[in-house]
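Below: one structure, written as structure tokens.
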Amino acid sequence: MGERILVSACLLGDPVRYDAGHKWLGDERLALWRDQGRLVPVCPEVAGGLPTPRPAAEIAGGGGAQVLAGELRIVDIDGGDPTEAFVAGARLALATARRYHCRLALLTEASPSCGSTQVYDGSFSGTRIAGEGVTAALLRDAGLEVFAPHQIDALARRLGELDTERRR
């Protein structure tokens with residue numbers, strides 16, 4: 001079968017985003033990898049117990065590593081604090097990655113869970129800052145290579161390298 005990839009379920013068209021929408025990534029490689037049984041879909045926010053739809057949430061002034069360290073919280077647009085659900089979801093995503101021996105992940109961008117190069121700044125103004133979400137931070141800390149949708153070419157190259165190593 002080859003290397004498996006943990007992937008944000010919303011990128012596969014699952015309506016799991018906060019607004020009950022998705023971020024379907026119509027790349028033919030995803031369809032091929034799905035057909036090959038390589039994809040392991042996960043939505044950390046749903047796994048952590050959050051409903052769909054749910055209030056929009058952002059990390060309050062930083063990144064996922066700071067949330068995991070207990071230094072920052074995640075806030076929702078209604079003033080709620082879903083931090084524990086986000087952390088629980090990240091831990092479940094990591095457990096899933098380990099169960100399926102995933103070394104690679106393809107996560108949606110800007111999410112307080114899955115953002116791997118950018119997150120929203122916590123002001124609910126639509127402003128993005130460099131950083132990563134809670135799940136992306138936890139996966140990277142555990143040694144997974146995390147890619148954003150705009151990095152799918154790099155993911156495909158890395159997948160080929162790992163498959164070549166496996167065949168040796």
Lone qualifier among A56, A93, A97, A88 - being in contact (Cβ under 8 Å) with a residue 24 or more places away in the chain and over 15 Å from the mean Cα position of the chain (by Cα): A56
Among residues of the range 93-142, those that are assigned to a loop (DSSP other than H, G, I, E, B), of a type in the set (A, V, I, L, M, F, W, C) and either open to solvent by less than 10 Å² (accessible area, probe 1.4 Å) or closer than 19 Å to V46 by Cβ (or both), counted: 3
Failed criterion for P82 (all others in (1) crowded, with 16+ Cβ neighbours inside 10 Å; (2) within 14 Å of the chain's Cα centre (by Cα) hold): (2)
Single unsatisfied condition, A154 versus (1) part of a loop (DSSP other than H, G, I, E, B); (2) among the small types (G, A, S); (3) surrounded by fewer than 23 Cβ atoms within 10 Å (Cβ to Cβ); (4) touching a strand residue (DSSP E or B) at 6+ places or on another chain (Cβ under 7 Å): (1)
Per-region count, the range 28-74, residues open to solvent by less than 30 Å² (accessible area, probe 1.4 Å), β-branched (V, I, T) and assigned to a helix (DSSP H, G or I): 1
Tabulated pairs, the range 27-44, first polar (S, T, N, Q), second surrounded by 12 or more Cβ atoms within 10 Å (Cβ to Cβ), C-beta under 7 angstrom, 6+ apart or interchain: Q36/G2
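Do we find that W24 is open to solvent by 60 Å² or more (accessible area, probe 1.4 Å) and among the hydrophobic types (A, V, I, L, M, F, W, C) in this structure? Spell out how you get there, then give the answer.
Working: open to solvent by 60 Å² or more (accessible area, probe 1.4 Å): yes; among the hydrophobic types (A, V, I, L, M, F, W, C): yes.
Yes.
The values are calculated or read from the model by the stated rules, or taken from the named source; none is laboratory data. All values derive from a computational prediction rather than experimental measurement. Here Cβ is always computed from backbone atoms with ideal geometry, including for glycine, and neighbour counts include all displayed protein chains. Side chains included, ligands, DNA and RNA excluded: accessible areas come from the protein's heavy atoms. Shrake-Rupley method; radii C 1.70, N 1.55, O 1.52, S 1.80 Å.
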